[in-house]
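For reference, the structure discussed in these notes is given below.
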Amino acid sequence: MTVRSERPEKLRSGSFANQMTETNLNLQPDYWNQIWQQEGRGTCRYPGCFGRICWAVGHGLEVLELGCGAGVLASQLLEFGNSVTGLDISESAIAQLPKQIPGVVSTLPEIPFPDRSFDVVVATEVLEHLDDDRACVREIVRVLRSGGRAFFAVPNNCLGPDEEPEHVRKYTPETLMDLLLPYGDVFTDTFIDEFSVGRDFIALPSILAALYLPTDNELA
């Protein structure tokens, strides 16, 4: 596997650490604002993941994307005929969303929407950044409607905190399934997502998990 981070070196030093902690880059909006100002909507990461998610979500649904960035996947979901809302910690990212996609600036794990607001929630390359992934999953379940679905993508047993300072933990298919199983049926797929970043070729082992909530009738 060849992986190179495109994160600005001057931000790796913790220059914004006074906002939260010296180590948790994920809670520092200025860090992510600079990243999205650099990458913008031209980023071409995770095509295999995004294609699988669009196919699985389908069309005609209300979808929330967590960690939406500048809206690459959100735009694809919109093209599939869905109503899409984006959420990200970065104001710069939200400002780049297409005008058809409303965006909210917020810090996970809290999701600032009422209960049962969405048919589908998508979180790609998000859980590994969070101190409290369980709280985030609980929030996702809360905002999903009866019989709703959630899709998660994470690196497969790679890019832990010793390799990537943005990441809090590694996942395997088994640990990701254990995280999600209390809430419904879970299906996982593993694959290699291949793309280029600058002159570097990336082959990223990935896990895609789908969580299917029970309907109210099934719970009755």
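Readers should treat all values here as calculations from the given coordinates under stated rules, not as data from a laboratory. No experiment lies behind these values; they were computed from the predicted model shown. Cβ placement follows ideal geometry from the backbone for every residue including glycine, while neighbour counts extend to all protein chains displayed.
For the chain, what relative contact order do you get, as a whole percent, if you take Cα pairs closer than 8 Å and at least 6 residues apart?
Numbers: 446 pairs, mean separation 43.6, N = 220.
Once divided by the residue count of the chain, the mean separation gives 20 percent.
Computed packing ranks the peptides 207-214, 97-104 as 207-214, 97-104, most packed first, by mean other Cβ atoms within 10 Å. Ranking Leu25, Val63, Phe80 by Cα position along the charge dipole of the chain, where only Lys, Arg, Asp and Glu carry charges on their C-beta atoms, puts Phe80 farthest toward the positive end. Using Cα centres only, tell me the gap between the range 147-161 and the range 183-209 in whole Å. Here the two parts' Cα centres lie 9 Å apart. For the range 44-219, what class follows from the C-alpha gyration tensor (a ≥ b ≥ c being the square roots of its eigenvalues): rounded when a/c is under 1.5, otherwise prolate if a/b is larger than b/c, else oblate? Verdict is rounded for the range 44-219. Work from the charge dipole of the chain (Cβ charges, +1 for Lys and Arg, -1 for Asp and Glu, about the Cα centre) and give the residue of Gln34, Thr175, Leu213 farthest towards its positive end. Going by the charge dipole, the pick is Gln34.
Taking the chain as a Gaussian network of alpha-carbon nodes connected by springs under 10 Å, the highest mean-square fluctuation of the residues Asp200, Asp119, Asp133 belongs to Asp200.
Peptide packing: for 25-35, 52-62, the average count of neighbouring Cβ atoms within 10 Å per residue gives the ranking 25-35, 52-62, highest mean first. Between Asp132 and Thr215, the simple spin-label model (points 7 angstrom out along Cα→Cβ) gives 3.3 nm.
Taking square-rooted eigenvalues a ≥ b ≥ c of the alpha carbon gyration tensor, is the range 143-198 rounded, prolate or oblate, where a/c under 1.5 means rounded and, failing that, a/b exceeding b/c means prolate?
Taking the square roots of the gyration eigenvalues as a ≥ b ≥ c, the range 143-198 is prolate.
For Thr175 and Asp189, the difference between the fully extended length at 0.36 nm per residue and the C-alpha to C-alpha distance is 3.7 nm. Here each label is just a point 7 Å from Cα along the line to Cβ, and for His59 and Gln38 those points are 3.8 nm apart.
Near the amide H of Thr85, within less than 5 Å, lie the amide hydrogens of Val63, Leu64, Glu65, all on another chain or at least 5 residues away, with H placed in the peptide plane.
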